[in-house]
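Report on one structure; see the data block that follows.
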Amino acid sequence: MAMDQLHMHFASAIHNATFSVVYGYVELCSGAAQAESSAGGNTFHKKQYEQLCECVTAESFIPCLVDLCKALWGIMRSYHQVVSWHQRKDSEKLSADGVSEPLYFEESFNKQYVKEKLGKGLVRIWHDVQARVLAYLLGSDLSWYKFDEFLHILGIVHRLMEIGEEFCASKSEALQNSIKKQSSNYFRNYHHDRLEELRIFLENESWEMCPVKPDFTILQLQEFRSLRHILKTWKPRAESVNGRQTAVSSPDCSSSNHSQDGSSITGGYFARYSESGSPFDVGFDEVQEEDILANIGDEPSGYFSDESDEDIPEELKKDFVDENVGDTVINRHSKPNSKKFSRRELMKAPILTNTTLTVLRQCGKYLQMSHLLRPIAFEVIVCMSQLFDYYLYAVHAFFTTDLPVSFRSVYNLNLQTSLKRIQDSLVVPSHLTEAEQDQTERTVGEVPEPHISPVVDLTQRETLHGLAERVVAVESLIFLAKQLEFLHDYLEHLQGGSSFLQQFFSQTVTASAELRRPVYMCVAATAVDSKVILALMAKVNWEVKEVMSQHSKYVDILLRELQIFSMRLEEVVLRIPIPQEVYLILWESIIQLTCKTFVEGFSNAKKCSTGGRGLMQLDFSQFLSKLKKLTSIRPIPGTEYVEHYIKAYYLQEAALESWVREHNEYSSKHLLALVSCVCQNDKKTRQRLTALIEDMEIVGSR
């Protein structure tokens, strides 16, 4: 009877305490409550608990939830202490030598009965706690809350579930299922809005470099603050220390060093708060200062120390950093001893834009939800990958439209496959009407195709057709890919064994670096006007009788165009840093295109004498000697392509057939022109080799 009475008191305490907390908030926030009280009645007091929960205002929902959990914690702690008291009493009955004292049958039966009742009581009490919190959550529409507020609610509920697991080893299925359904619906709408927001950001992006510090990482962003400890110490699940799993291998355990909700409190709640306080006294994701903007030269500092009591600037709280108002923010929060960065140091800073920061911030928010609500973690991670997909697609759509059709071969299969998948699954075709887009958006795509901002000019030769903007766009995409690589292992842990991430990283994320060639080829293809050079080469007399000592005029014009490109490239470097990989791709592409122009021009010669062959060698040698002063690339790419073609003019007719069979890197036009010159006096051999080349072309087309 005593045990039954005890459990009845605890059940009653749960119901009365939760009703009292919710009623207090409803009465406090309701303007009508005072009038009702003065009239001698209060209809709120007559409502059922579930009805009362529906009356809590949005402004009071989170504070009420915290106080509700605190009240329930106090009751659970009391019951836990009752259980602990009985366990201590049992241990105190052991004799000094460890042998238990003999017990009479009735005493032994009562002891076992109390133990079983207390054990079952743990489950019953936690069931009542879950039911009361669940009723409170279902009483409000969580879809109207801001994302940070929704994460706050998740953090509170998740901490309560951690307490439940420690209390009675419960997985809190009822709470899990309820919050999973609400979170899934909430996140689906939230993600759709974020994709649309990303489209707007991209369409208004000027692709200017955002000045962040040289040591900038995503862990410095506020959105990653609750995950910093886990991400800094994370190791794959398979790793262990001295034969057992390390704490960071399973950060979701209640005994891990940090709570799953991201706070600094640890597990073992009943030991930590056995006397006073509660796990809900600790703040959830307190706002911390963010120090990511670089301070340039002698300009006022933008540094904010960790010890500062000043409020964080509103500029850094935004989802983007407005470069145009940065000076105002910096001046208002400047400090005389703040660190300043030289231009050389800033040239080593990562290349990113305001939109890149926006995507990174959203990734941090998505990770927080995946971290707090594992049942929908896979869905959230898939949506996070779509942010990267759309960024990749936009950079491609913006900066490769001027790529000549003849250069489409620079796309490798992996990049083509990724772009096709994104276009089919995520992007609504731009040719559809607005009504058709609305219908398609619900069934096929998620967001309309983006369009580049009109302020971005990619047509001026003086700016190398917007090279600075192209570099910022592509390299910011690659920086974004590197940050995802940093999160890869932890994302694998969260998603729970699906093969999706492996495909996403091996195909789409790696495709970001492969986008360099088509984007920069748009610049390289315009560095030299090949039509002008070919027209000048057509005027050269390749039938001279003697070997010339002076190279042709077109070589000087070609070198001058490359010199102009080099000068303009130096001007771009004054605006933004050019990574070595970009420098190499630009010059390699230009040189290879120039070498193809040489071969094309040589193949246009109808006839060629021994002196003409020598002139070809002289022209190309002069080109190479001057080119080495313009670029540091060694060896010069594409030289063998030209040299082999020139040397083929010296081959005997018998050796020419073997050479034609071995060198399929040349087009049929090039090979036919070569055969025509070498075999101009042997019609039979010329016809035989011509037939061979035509057969090779047919086989190659298959």
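The values are calculated or read from the model by the stated rules, or taken from the named source; none is laboratory data. Just so it is clear, the structure is predicted and the values come from calculations on it, not from any experiment. Quick reminder, even Gly has a Cβ in these numbers, built from the backbone with ideal geometry, and neighbours come from all protein chains shown. Note: accessible area is taken over every heavy atom of the protein model, side chains too, but ligands, DNA and RNA are not part of it. Shrake-Rupley method; radii C 1.70, N 1.55, O 1.52, S 1.80 Å.
Below is a table of values for the structure above.
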read-out: D (Stokes-Einstein, µm²/s), Kirkwood Cα radius, the range 522-699, 0.890 mPa s at 25 °C; value: 140
read-out: Spin-label model distance (nm) - ALA11 vs LYS683, 7 Å beyond Cα toward Cβ; value: 11.3
read-out: 5 Å-binned pair-distance histogram of the range 150-241 (Cα, whole percent); value: 3, 9, 11, 12, 18, 19, 13, 8, 5, 3, 1, 0
read-out: Cross-link pairs LYS365/LYS420; LYS553/LYS629; LYS146/LYS180 - those with Cα-Cα distance over 21 Å; value: LYS365/LYS420
read-out: With DNA, RNA and ligands ignored, accessible area of THR690 (1.4 Å probe; Å², nearest 10); value: 40
read-out: Inter-probe distance in nm under a simple model that places probes 7 Å from Cα toward Cβ, at SER430 and LYS180; value: 4.1
read-out: Extension gain, GLN51 back to ILE557 (0.36 nm per residue minus Cα-Cα distance, nm); value: 173.6 nm
read-out: Rounded accessible area of HIS644 (nearest 10 Å², 1.4 Å probe); value: 70
read-out: Efficiency of FRET from Cβ geometry, ARG575 and THR690, R₀ 41 Å, rounded to 0.05; value: 0.20
read-out: Zone of ALA58's modelled label, taken as backbone nitrogen in the range 140-154 under 14 Å from a point 7 Å along Cα→Cβ; value: 140-150
read-out: Approximate shape of the range 461-557 as ellipsoid semi-axes (Cα gyration tensor, √5λ), whole Å, largest first; value: 50, 16, 9
read-out: Partners for LYS46 among lysines (Cα-Cα distance below 25 Å; same-chain residues under 8 apart left out); value: LYS70
read-out: Chain lengthening between GLU653 and SER409 when straightened (0.36 nm per residue, less Cα-Cα); value: 84.5 nm
read-out: Sites MET1 and ASP489, calculated FRET efficiency, Cβ-Cβ separation with R0 41 Å, nearest 0.05; value: 0.15
read-out: Neighbourhood net charge (12 Å Cβ-Cβ; Lys/Arg +1, Asp/Glu -1) for ILE376; value: +3
read-out: Sites THR510 and LEU138 - FRET efficiency at Förster radius 41 Å, r taken between beta-carbons, to 0.05; value: 0.40
read-out: Rough spin-label spacing in nm, given labels placed 7 Å along Cα→Cβ, for GLU697 and LYS120; value: 9.2
read-out: Potential extension, LYS531-SER78 segment - 0.36 nm per residue separation minus Cα distance; value: 154.3 nm
read-out: Area of TYR554 that stays accessible when all protein chains are in place (1.4 Å probe, Å², to 10); value: 0
read-out: Reachable lysines, given that their alpha-carbon falls under 17 Å from the alpha-carbon of LYS120 and they are not under 8 places away in the same chain; value: LYS111, LYS171
